[in-house]
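Here's the structure we're looking at; comments come further down.
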Amino acid sequence: MYYIIVNPASKSGKGAQIWSEIEPVLSEREIEYKVFFSREVGHVIKLVRDLSASLLSADPAYILRLIVLGGDGTLNETLQGVSDFNRVEIGYIPTGSSNDMARDLELASSPLEILNRILSCKDPLRMDLGHLVYDNASGQLSRQHDDELLTHRYFAVSCGIGFDAAVCEEALSSKFKNVLNKIGLGKLTYLTIALKQLIKARKIICDITLDDGTHVHLPQFLFVAGMIHRYEGGGFKFCPTADYKDGLIDICSVGNIPKWLVLVALPTAFKGNHYRFNGIEHYAAAKIHLETSAPLWVHTDGEVSMQCSSITLTCEKEKLKFLL
């Protein structure tokens, strides 16, 4: 039995279209399934939490198989509802505007081909899972925040604090994004908002502490991205050496760099060449603590709930089972 979660609104309605192509295939192959459609922010968390509670508690040996049809954000909400990752296997059919998970895993472009791989998978791929804890919540809430704010969140692809999260927060409620998605130019949304957020970015101090005791002080910074996979933001290769099975979170810190130079450096991140610029640094650790001098937006896989000035990131090695 597969439990399928569909975000029909992903990529301005493309999710519903792809589901209409997949559903007949499941019926023809007599695949047993139940489908659920997400309605709003936070709904997928509740759906998966209810499924986990009813199915996993009823049978200690039961394996819950989920297929998520949506963007990285829909996948992120799925993770928040899982109660036991040892007994949950997840298939992912990307229909979002960024699809950074699919990009790093080099998934096929055809949803039907991805579906066939999910249905034939006998040995799930084990991947690291990121875990973010909000040590405090001292800032405002996102316009798209969940009804139930979580004190911690899992992330499959990446997380971040500062500039990149501010871009995500504004993009989530952007009507301009929906228009561009319909004509296949969704990435322009992020570039436009990025320019706006870069201009208004304040001078903020950030302290980074790694689990080996290494301390990095940034008297001013733009953002820090914590990565399980190599890409975020629709193809920015912020951490080219990130390995989703090494038990480490790679971080890209951008600080002590003039704003005008960021405009030059940012496009080079599509190829992972941005570390040539002074002020852009790479670190990796299993546990990382970040402290900022003022509350800033924080994202997990592009989903933004609140502003925070103190967060802790932990990598949980090979905790996620992926049907691939």
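The values are calculated or read from the model by the stated rules, or taken from the named source; none is laboratory data. Predicted model only: the values in this text are computed from it and were never measured. Every residue, glycine among them, receives a Cβ derived from its backbone with ideal geometry; neighbour counts consider all protein chains shown. Just so you know, the surface numbers come from the protein's heavy atoms only, side chains and all, with ligands and any DNA or RNA stripped out. Shrake-Rupley method; radii C 1.70, N 1.55, O 1.52, S 1.80 Å.
Accessible surface of the chain, 1.4 Å probe: 52 percent of it comes from carbon and sulfur atoms.
Kirkwood Rh over Cα pairs of segment 223-324 into Stokes-Einstein at 20 °C, 1.002 mPa s: D in µm²/s? Before the final figure, lay out the partial values.
Working: Rh = 14.6 Å.
Translational diffusion coefficient: 147 µm²/s.
Note on N256 and S12: their simple-model spin labels are 4.3 nm apart, each label 7 Å out from Cα toward Cβ. For A58 and I31, a Förster radius of 30 Å and the Cβ-Cβ distance give a FRET efficiency of 0.85, rounded to the nearest 0.05.
Contact order for the chain, expressed relative to its length and based on alpha carbon pairs under 8 Å spaced 6+ residues apart, stands at 23 percent.
Taking label positions 7 Å along the Cα-Cβ direction at both L141 and S20, the computed distance is 3.6 nm, reported to one decimal. In this simple spin-label model, placing a label point 7 Å from the Cα along the Cα-to-Cβ direction at both R39 and S293 gives a separation of 4.6 nm. Shown in residue order for segment 72-85 are the 3J(HN,Hα) couplings computed by the Karplus curve 6.51 cos²θ - 1.76 cosθ + 1.60 at θ = phi - 60°: 4, x, 5, 4, 4, 5, 4, 4, 5, x, 6, 9, 8, 5 Hz (x for Gly and Pro).
For the chain, what is the charge dipole size about the Cα centre, in debye to the nearest 20, if Lys and Arg each add +1 at the Cβ and Asp and Glu each add -1 at the Cβ? Don't skip to the end; give the middle numbers.
Numbers: 33 positive and 38 negative charges, 209 e Å.
Value, rounded to 20: 1000 debye.
Which residues does a label at N278 reach in segment 195-219, if reach means a backbone N under 16 Å from a point 7 Å past the Cα toward the Cβ? Taking a point 7 Å out along Cα→Cβ of N278, the residues of segment 195-219 whose backbone N falls under 16 Å are 219. Taking Cα atoms only, the orientation of helix 10-28 departs from the longest principal axis of the chain by about 30 degrees. With protein chains left intact and a 1.4 Å probe, residues in the chain average 42 Å² of accessible area per residue. The alpha carbons of the chain give a radius of gyration and a Dmax of 19.1, 60 Å, in that order.
In order along segment 96-108, phi translates into HN-Hα couplings of x, 8, 9, 6, 6, 4, 4, 5, 6, 7, 6, 5, 4 Hz, rounded to whole numbers, per the Karplus curve 6.51 cos²θ - 1.76 cosθ + 1.60 with θ = phi - 60° and x for Gly and Pro. The DSSP beta bridges internal to the chain are antiparallel in roughly 75% of cases.
For the chain, what is the calculated [θ] at 222 nm in deg cm²/dmol (nearest 500), taking -39500 (n - 2.57) for each run of four or more DSSP H residues and dividing by its residue count? Write out the running numbers ahead of the final one.
On the way: 9 runs with 96 residues, N = 324.
Counting only the DSSP helices, I get -9000 deg cm²/dmol.
Classify segment 9-48: rounded, prolate or oblate, from the alpha-carbon gyration tensor (a ≥ b ≥ c, eigenvalue square roots; a/c under 1.5 rounded; otherwise prolate if a/b is larger than b/c)? Walk me through the numbers before you get to the answer.
Working: a/c = 4.79, a/b = 1.45, b/c = 3.31.
It comes out oblate by the Cα gyration axes.
Calculate log10 I(q)/I(0) of segment 182-272 for q = 0.13, 0.14, 0.15, 0.23 Å⁻¹, where I(q) comes from the Debye formula with a single equal point scatterer on each Cα and nothing for solvent. So the normalised log intensities work out to -0.52, -0.60, -0.68, -1.30. Amide H to amide H, with H built 1.01 Å from N, F270 comes under 5 Å of K237, counting only residues 5 or more places away or on other chains.
Do any of K122/K317; K34/K321; K11/K287 go past 23 Å between their Cα atoms, and which? In this structure, K11/K287 exceed 23 Å between Cα atoms.
Since only S38, P258, S305 are under comparison, the one whose Cα sits farthest along the positive direction of the charge dipole of the chain, derived from C-beta charges on Lys, Arg, Asp and Glu, is P258.
A simple rule links phi to the HN-Hα coupling: the Karplus curve 6.51 cos²θ - 1.76 cosθ + 1.60 with θ = phi - 60°, which for segment 233-248 gives x, x, x, 6, 8, 5, 10, x, 9, 4, 10, 6, 10, 9, x, 10 Hz, with x for Gly and Pro. Residue ranges 58-69, 279-290 sort as 279-290, 58-69 when ordered by packing (mean number of other C-beta atoms within 10 Å per residue, highest first). Measuring how big segment 13-118 is from its alpha-carbon positions, Rg and Dmax come out at 13.8, 38 Å.
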